[in-house]
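Engineer: Dropping the structure in here first, questions after.
The values are calculated or read from the model by the stated rules, or taken from the named source; none is laboratory data. All of these numbers come straight from a predicted model, not from anything done at the bench. Cβ coordinates were reconstructed from backbone atoms using ideal geometry, including for glycine residues, and neighbour counts include every protein chain displayed. Note: accessible area is taken over every heavy atom of the protein model, side chains too, but ligands, DNA and RNA are not part of it. Shrake-Rupley method; radii C 1.70, N 1.55, O 1.52, S 1.80 Å.
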Amino acid sequence: MSHLRFVTGGESHGAALTAILDGMPAGLRIPREAIDEQLARRQKGYGRGGRMKIETDRISVLSGLRFGETLGAPITLQLVNRDFANWTERMDPFGEPTGAKVTAVRPGHADLAGVLKYDRQDARDILERSSARETAMRVAVGAVCRRLLAELGVTIASHVTEIGGVTVDRAAMSDADIGVTNSDDLNCCDPAAEMRMKARIDEAQAAGDTLGGIFEIVVRGLPVGLGSHTQWDARLDGKLAGALMSIQAIKGVEIGAGFACAHLPGSAIHDEIDRGEDGQPRRRTNRAGGIEGGMTNGEPIVVRAAMKPIPTLMTPLKTVDLETGAEVLASKERSDACAVPAASVVGEAMVSFVLADAICAQFHADSMTDLHASLSAYRARLESRWTSR
């Protein structure tokens, strides 16, 4: 069962975005900078649009913290949208409709399915909430969860491995580079590939087009046995995949060797186990990506997500107008040419939430004191199993 849960609220151009995170143990210290730094990372990235020049995300905490420490109560987080000043009449909760409706629904977006499902006449009623601006609150929630993981010695990092068909050279980098040598512009560890990625983004932007890509997340320091094999909804790999797939524009997720497992025999995929110098079992490789049978196996978790190109194009695709039924060009909203680096930060946040939840659920602690004690006892039991032999 889950221990942590969160919900978000707010529209892209509304007054504010809000999230409520429930279940966080008491006694976790969270400096404001720990959240604001992650929000700033999300706003960076080569190919981002004009919205990032308007918004400077700074978190407000409305409940659940006192003197920088969690209380065990629900944590309410808020981001004020500075751009709301330019949208007040169009987004007024109690005013009269003003301005033109958005009726030329965009292919690849939630517009058409949303207006049909919710019986709306203006696609803005859908696109405001379905916008990836919502992910700012996921990053804020993830930053809190990231602090809990850090307290327990768990590290999480991401890097962009592909944009628009340009891929990094894995032979030119080591796993130690991930989270250390990443660039600010593209969250990439391969400078040569980054230059080619930027050129590709420039080409797409000049053509009024957009680009997707792939990012990878690596998590180190987790104990063996998080998750479970006993029920489908307790499997950790399923939770991670679902969390990443919930991010706007993500269309594929793989763990470890992922889809390559379908093309090779078992002898070339499964990780052989030997005994390390400390007596603990170790895998010689990590093609499983740190998860076997729905549980962590002690190796780093390695998970990748594929992001499709953003569906708002400055050179629009053909669509159908909601009011007239005529074939027209899709509407244009202010958008990015490429947001893969930002998506990688959101991915880190969602993975942080899933793992923090798994830890809190398994060790049943309402305070950080008890969580440390419970986890230490569990790790001591695991270690004694092998040191006594």
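Engineer: Return the residue satisfying two criteria in turn: it lies in segment 70-85 and is open to solvent by 70 Å² or more (accessible area, probe 1.4 Å) and either in contact (Cβ under 8 Å) with a residue 40 or more places away in the chain or charged (D, E, K, R) (or both), and of such residues it is nearest to THR319 (Cα to Cα).
Structural biologist: ARG82
Engineer: Condition (residue is under 18 Å from GLU348 (Cβ atoms) and surrounded by 21 or more Cβ atoms within 10 Å (Cβ to Cβ)) applied to segment 189-210: is it met by at least one residue?
Structural biologist: yes
Engineer: Here's a follow-up. Would you mind stating whether ALA234 is within 23 Å of ARG381 (Cβ to Cβ), open to solvent by less than 40 Å² (accessible area, probe 1.4 Å) and touching a strand residue (DSSP E or B) at 6+ places or on another chain (Cβ under 8 Å)?
Structural biologist: When the stated conditions are applied, ALA234 passes them.
Engineer: Moving on to the next point. Please state which of the following conditions ALA193 fails to meet, knowing it meets all the rest: (1) more than 16 Å from the chain's Cα centre (by Cα); (2) at pLDDT below 95.
Structural biologist: Single failed check for ALA193: (2).
Engineer: In segment 306-345, which residues are in a strand (DSSP E or B) and among the β-branched types (Val, Ile, Thr)?
Structural biologist: The answer is THR319, VAL320, VAL328.
Engineer: A further question on this structure: As an exercise: evaluate PRO107 against (1) touching a helix residue (DSSP H, G or I) at 6+ places or on another chain (Cβ under 6 Å); (2) farther than 19 Å from LEU17 by Cα and give the number of the one condition it does not meet.
Structural biologist: With (1) touching a helix residue (DSSP H, G or I) at 6+ places or on another chain (Cβ under 6 Å); (2) farther than 19 Å from LEU17 by Cα applied to PRO107, the lone miss is (1).
Engineer: Here's something else I'd like to know. Considering segment 168-177 alone, what residues qualify as being open to solvent by less than 50 Å² (accessible area, probe 1.4 Å) and outside any helix (DSSP H, G or I)?
Structural biologist: Within segment 168-177, VAL168, MET173 meet the criteria.
Engineer: May I pose another question? Can you tell which of VAL224, VAL180 is at pLDDT below 95, open to solvent by 20 Å² or more (accessible area, probe 1.4 Å) and outside any helix (DSSP H, G or I)?
Structural biologist: VAL180
Engineer: Which residues, taken from segment 268-305, are surrounded by fewer than 21 Cβ atoms within 10 Å (Cβ to Cβ), part of a strand (DSSP E or B) and within 23 Å of the chain's Cα centre (by Cα)?
Structural biologist: Within segment 268-305, GLU292, MET295 meet the criteria.
Engineer: Which ones in segment 184-208 are more than 12 Å from GLY164 (Cβ to Cβ) and touching a strand residue (DSSP E or B) at 6+ places or on another chain (Cβ under 9 Å)?
Structural biologist: Once the filter is applied, which keeps residues that are more than 12 Å from GLY164 (Cβ to Cβ) and touching a strand residue (DSSP E or B) at 6+ places or on another chain (Cβ under 9 Å), segment 184-208 yields ASN187, CYS188, CYS189, ASP190, GLU194.
Engineer: So, one more: Residues in segment 318-351 that are of a type in the set (A, V, I, L, M, F, W, C) and open to solvent by 50 Å² or more (accessible area, probe 1.4 Å): how many?
Structural biologist: Total satisfying the criteria: 3.
Engineer: Can you name the condition, by its number, that ILE54 falls short on among (1) surrounded by fewer than 16 Cβ atoms within 10 Å (Cβ to Cβ); (2) at pLDDT below 95; (3) farther than 18 Å from THR135 by Cβ?
Structural biologist: So the condition that ILE54 fails would be (3).
Engineer: Then there's this: Residue under question is VAL219, and the condition is that it be closer than 22 Å to ASN182 by Cβ, in contact with a Ser or Thr (Cβ under 8 Å, 6 or more places away or on another chain) and β-branched (Val, Ile, Thr); does it hold?
Structural biologist: Spelling it out, VAL219 is indeed closer than 22 Å to ASN182 by Cβ, in contact with a Ser or Thr (Cβ under 8 Å, 6 or more places away or on another chain) and β-branched (Val, Ile, Thr).
Engineer: Among the residues of segment 129-167, which ones are open to solvent by less than 20 Å² (accessible area, probe 1.4 Å) and assigned to a loop (DSSP other than H, G, I, E, B)?
Structural biologist: Hits for segment 129-167 are LEU152, VAL154.
Engineer: Which residues, taken from segment 95-121, are of a type in the set (Val, Ile, Thr) and surrounded by fewer than 16 Cβ atoms within 10 Å (Cβ to Cβ)?
Structural biologist: THR98
Engineer: Among the numbered criteria (1) of a type in the set (Val, Ile, Thr); (2) within 29 Å of ILE156 (Cα to Cα); (3) within 29 Å of the chain's Cα centre (by Cα); (4) open to solvent by 50 Å² or more (accessible area, probe 1.4 Å), which one does THR315 miss?
Structural biologist: (2)
Engineer: Take the residues of segment 356-385 that are of a type in the set (Gly, Ala, Ser) and over 22 Å from ILE301 (Cβ atoms): which is least open to solvent (accessible area, probe 1.4 Å)?
Structural biologist: Top of the filtered list is SER367.
Engineer: If you don't mind, there's one more thing I want to ask. Of the residues in segment 271-302, how many are closer than 19 Å to SER228 by Cα and of a type in the set (Ser, Thr, Tyr)?
Structural biologist: Total satisfying the criteria: 1.
Engineer: Can you name the residue in segment 239-267 that is part of a loop (DSSP other than H, G, I, E, B) and open to solvent by 60 Å² or more (accessible area, probe 1.4 Å) and, of all such residues, is farthest from ARG42 (Cα to Cα)?
Structural biologist: Ranking the candidates gives PRO265 first.
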